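First comes the structure, then the notes that go with it.
The values are calculated or read from the model by the stated rules, or taken from the named source; none is laboratory data. These numbers were taken from a predicted model, which means no experiment stands behind them. Note that each Cβ is placed from the backbone with ideal geometry, even for glycine, and that neighbours are counted across all protein chains shown.
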Amino acid sequence: MARTNLHTLANSLLEGLSNAADGTAFEGRLREISTEAGLNSVRSAEAVKLLEETGRIEVIQRGRRGRNTMITITSTEPLTIEDAEARLPSRGGKRTGRINYDDIGGAVVDRLLALARDDGLRTAQVEAFAAASEQQSRRVEELEAAVEGATQRETELRIKLRTAEEALKRAEENLRRALGGDRPSGAPRTPIEDDDARAVLDILRSGHD
(Lines give C-alpha, C1' and ligand atoms only; values in the text may rest on other atoms or scores of the structure.)
Protein backbone atom coordinates (compact mmCIF):
# COMPACT_ATOMS: atom_id res chain seq x y z
CA MET A 1 0.00 0.00 0.00
CA ALA A 2 1.39 3.40 -0.96
CA ARG A 3 2.46 5.77 1.77
CA THR A 4 0.15 8.42 0.33
CA ASN A 5 -2.79 6.20 1.42
CA LEU A 6 -1.66 6.49 5.03
CA HIS A 7 -4.14 9.30 5.63
CA THR A 8 -6.98 6.86 4.88
CA LEU A 9 -5.68 4.35 7.41
CA ALA A 10 -5.08 7.11 9.94
CA ASN A 11 -8.67 8.31 9.51
CA SER A 12 -9.94 4.75 10.08
CA LEU A 13 -7.84 4.47 13.25
CA LEU A 14 -9.01 7.89 14.44
CA GLU A 15 -12.63 6.85 13.91
CA GLY A 16 -12.10 3.62 15.84
CA LEU A 17 -10.46 5.48 18.72
CA SER A 18 -13.26 8.02 18.80
CA ASN A 19 -15.91 5.28 18.89
CA ALA A 20 -14.14 3.44 21.72
CA ALA A 21 -13.30 6.56 23.73
CA ASP A 22 -15.07 7.88 26.78
CA GLY A 23 -15.63 11.39 25.52
CA THR A 24 -12.18 12.43 24.30
CA ALA A 25 -10.21 9.94 26.39
CA PHE A 26 -9.34 6.49 25.10
CA GLU A 27 -7.90 3.81 27.36
CA GLY A 28 -7.56 0.25 26.17
CA ARG A 29 -5.82 -2.09 23.74
CA LEU A 30 -4.66 -0.09 20.74
CA ARG A 31 -3.86 -3.30 18.86
CA GLU A 32 -7.51 -4.31 18.87
CA ILE A 33 -8.63 -0.93 17.50
CA SER A 34 -5.91 -1.07 14.83
CA THR A 35 -6.88 -4.59 13.75
CA GLU A 36 -10.53 -3.59 13.41
CA ALA A 37 -9.42 -0.59 11.29
CA GLY A 38 -7.37 -2.89 9.02
CA LEU A 39 -3.87 -1.85 10.18
CA ASN A 40 -0.99 -4.12 11.06
CA SER A 41 1.49 -3.16 13.77
CA VAL A 42 3.78 -1.20 11.41
CA ARG A 43 0.99 0.76 9.74
CA SER A 44 -0.63 1.35 13.12
CA ALA A 45 2.57 2.96 14.43
CA GLU A 46 2.80 5.14 11.30
CA ALA A 47 -0.85 6.18 11.61
CA VAL A 48 -0.47 7.06 15.31
CA LYS A 49 2.60 9.16 14.49
CA LEU A 50 0.74 10.96 11.69
CA LEU A 51 -2.24 11.65 13.95
CA GLU A 52 0.11 13.03 16.62
CA GLU A 53 1.99 15.24 14.16
CA THR A 54 -1.23 16.68 12.74
CA GLY A 55 -2.63 17.42 16.20
CA ARG A 56 -5.50 14.91 16.10
CA ILE A 57 -4.44 12.95 19.15
CA GLU A 58 -2.05 13.12 22.10
CA VAL A 59 -0.58 9.89 23.41
CA ILE A 60 -0.55 9.98 27.20
CA GLN A 61 0.68 6.43 27.82
CA ARG A 62 1.82 3.77 25.40
CA GLY A 63 0.62 0.22 25.86
CA ARG A 64 3.74 -1.62 26.94
CA ARG A 65 4.37 -4.42 29.43
CA GLY A 66 0.69 -5.17 29.86
CA ARG A 67 -0.39 -1.54 30.30
CA ASN A 68 -3.30 -0.02 28.39
CA THR A 69 -2.74 2.71 25.85
CA MET A 70 -4.04 6.10 26.96
CA ILE A 71 -4.84 8.65 24.24
CA THR A 72 -6.54 12.02 24.31
CA ILE A 73 -8.47 12.84 21.12
CA THR A 74 -8.04 16.53 20.37
CA SER A 75 -9.73 16.60 16.93
CA THR A 76 -11.76 14.23 14.78
CA GLU A 77 -11.29 16.23 11.57
CA PRO A 78 -10.39 13.77 8.78
CA LEU A 79 -6.88 13.90 7.36
CA THR A 80 -6.25 14.70 3.71
CA ILE A 81 -3.68 13.24 1.36
CA GLU A 82 -1.81 16.55 1.55
CA ASP A 83 -1.43 16.07 5.32
CA ALA A 84 0.29 12.73 4.74
CA GLU A 85 2.47 13.93 1.86
CA ALA A 86 3.60 16.99 3.81
CA ARG A 87 5.25 14.68 6.33
CA LEU A 88 7.06 12.50 3.79
CA PRO A 89 10.85 13.06 3.50
CA SER A 90 11.44 15.55 0.68
CA ARG A 91 13.93 15.06 -2.12
CA GLY A 92 15.56 18.29 -1.16
CA GLY A 93 16.14 16.83 2.27
CA LYS A 94 17.83 13.82 0.72
CA ARG A 95 20.06 16.04 -1.35
CA THR A 96 20.92 17.97 1.77
CA GLY A 97 21.81 14.70 3.45
CA ARG A 98 24.17 13.80 0.63
CA ILE A 99 25.74 17.23 0.82
CA ASN A 100 26.19 16.79 4.54
CA TYR A 101 27.89 13.43 3.98
CA ASP A 102 30.14 15.07 1.40
CA ASP A 103 30.96 17.79 3.89
CA ILE A 104 31.74 15.20 6.53
CA GLY A 105 33.93 13.28 4.10
CA GLY A 106 35.76 16.45 3.13
CA ALA A 107 36.27 17.37 6.77
CA VAL A 108 37.65 13.90 7.49
CA VAL A 109 40.07 14.14 4.55
CA ASP A 110 41.18 17.62 5.62
CA ARG A 111 41.74 16.37 9.14
CA LEU A 112 43.76 13.39 7.93
CA LEU A 113 45.90 15.67 5.77
CA ALA A 114 46.45 18.00 8.71
CA LEU A 115 47.46 15.06 10.90
CA ALA A 116 49.83 13.84 8.19
CA ARG A 117 51.43 17.29 7.98
CA ASP A 118 51.75 17.47 11.75
CA ASP A 119 53.24 13.98 11.83
CA GLY A 120 55.74 14.92 9.11
CA LEU A 121 56.70 18.06 11.01
CA ARG A 122 57.18 16.13 14.24
CA THR A 123 59.27 13.53 12.41
CA ALA A 124 61.49 16.26 10.93
CA GLN A 125 61.88 17.86 14.36
CA VAL A 126 62.83 14.54 15.93
CA GLU A 127 65.37 13.84 13.18
CA ALA A 128 66.87 17.33 13.54
CA PHE A 129 67.09 16.92 17.31
CA ALA A 130 68.72 13.50 16.90
CA ALA A 131 71.27 14.92 14.44
CA ALA A 132 72.06 17.83 16.78
CA SER A 133 72.43 15.44 19.72
CA GLU A 134 74.78 13.21 17.72
CA GLN A 135 76.86 16.23 16.70
CA GLN A 136 77.07 17.41 20.30
CA SER A 137 78.09 13.92 21.41
CA ARG A 138 80.91 13.87 18.86
CA ARG A 139 82.01 17.33 19.99
CA VAL A 140 82.06 16.22 23.62
CA GLU A 141 84.14 13.18 22.69
CA GLU A 142 86.60 15.41 20.81
CA LEU A 143 86.90 17.78 23.77
CA GLU A 144 87.40 14.89 26.18
CA ALA A 145 90.15 13.50 23.93
CA ALA A 146 91.79 16.95 23.73
CA VAL A 147 91.68 17.35 27.52
CA GLU A 148 93.14 13.88 27.98
CA GLY A 149 95.95 14.70 25.52
CA ALA A 150 96.70 18.00 27.27
CA THR A 151 96.78 16.24 30.63
CA GLN A 152 99.19 13.65 29.30
CA ARG A 153 101.47 16.33 27.82
CA GLU A 154 101.40 18.22 31.10
CA THR A 155 102.44 15.06 32.93
CA GLU A 156 105.30 14.49 30.51
CA LEU A 157 106.47 18.10 30.90
CA ARG A 158 106.38 17.79 34.68
CA ILE A 159 108.50 14.65 34.47
CA LYS A 160 111.00 16.37 32.17
CA LEU A 161 111.10 19.42 34.43
CA ARG A 162 111.71 17.27 37.49
CA THR A 163 114.46 15.42 35.65
CA ALA A 164 116.05 18.72 34.61
CA GLU A 165 115.85 20.06 38.17
CA GLU A 166 117.52 16.93 39.52
CA ALA A 167 120.24 17.14 36.84
CA LEU A 168 120.83 20.80 37.68
CA LYS A 169 121.06 19.98 41.36
CA ARG A 170 123.62 17.27 40.71
CA ALA A 171 125.58 19.64 38.47
CA GLU A 172 125.63 22.27 41.19
CA GLU A 173 126.88 19.76 43.75
CA ASN A 174 129.58 18.47 41.42
CA LEU A 175 130.60 22.01 40.54
CA ARG A 176 130.81 22.94 44.17
CA ARG A 177 133.02 19.95 44.89
CA ALA A 178 135.16 20.71 41.85
CA LEU A 179 135.70 24.29 42.95
CA GLY A 180 136.65 23.12 46.41
CA GLY A 181 133.78 24.67 48.25
CA ASP A 182 133.40 21.57 50.46
CA ARG A 183 137.03 20.28 50.19
CA PRO A 184 139.27 20.58 53.29
CA SER A 185 142.46 22.55 52.98
CA GLY A 186 145.25 20.52 51.36
CA ALA A 187 142.86 17.68 50.30
CA PRO A 188 143.33 16.37 46.76
CA ARG A 189 140.77 17.39 44.19
CA THR A 190 138.11 14.86 43.33
CA PRO A 191 137.80 14.06 39.63
CA ILE A 192 134.61 15.40 38.08
CA GLU A 193 132.44 12.60 36.78
CA ASP A 194 129.40 14.64 35.66
CA ASP A 195 129.74 15.79 32.04
CA ASP A 196 127.64 18.92 32.60
CA ALA A 197 129.73 19.96 35.57
CA ARG A 198 132.95 19.29 33.67
CA ALA A 199 131.73 21.48 30.81
CA VAL A 200 130.91 24.32 33.20
CA LEU A 201 134.30 23.95 34.88
CA ASP A 202 136.09 24.05 31.54
CA ILE A 203 134.28 27.27 30.67
CA LEU A 204 135.28 28.84 33.98
CA ARG A 205 138.90 27.78 33.60
CA SER A 206 139.09 29.10 30.08
CA GLY A 207 137.91 32.45 31.41
CA HIS A 208 140.76 32.57 33.90
CA ASP A 209 143.29 31.72 31.20
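Miscellaneous remarks
Okay, residues lined up against (1) at pLDDT 90 or above; (2) within 27 Å of Asp195 (Cα to Cα); (3) surrounded by fewer than 10 Cβ atoms within 10 Å (Cβ to Cβ):
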| site | (1), (2), (3) |
| --- | --- |
| Ala128 | no, no, no |
| Ala132 | no, no, no |
| Gln135 | no, no, no |
| Leu143 | yes, no, no |
| Ala150 | yes, no, no |
| Ala167 | no, yes, no |
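- In region 1-15, the residues that are over 60 Å from the mean Cα position of the chain (by Cα) and either within 11 Å of Ile73 (Cβ to Cβ) or of a type in the set (Asp, Glu) (or both): Glu15
- Residues considered: Glu52, Glu58, Glu46. Of these, the only one that is touching a strand residue (DSSP E or B) at 6+ places or on another chain (Cβ under 7 Å), in the same structural domain as Asn19 (by TED's automatic domain parsing), modelled with pLDDT of 85 or more and part of a helix (DSSP H, G or I) is Glu52.
- Once region 1-43 is narrowed to residues that are part of a strand (DSSP E or B) and of a type in the set (D, E, K, R), the residue that is surrounded by the most Cβ atoms within 10 Å (Cβ to Cβ) is Glu27.
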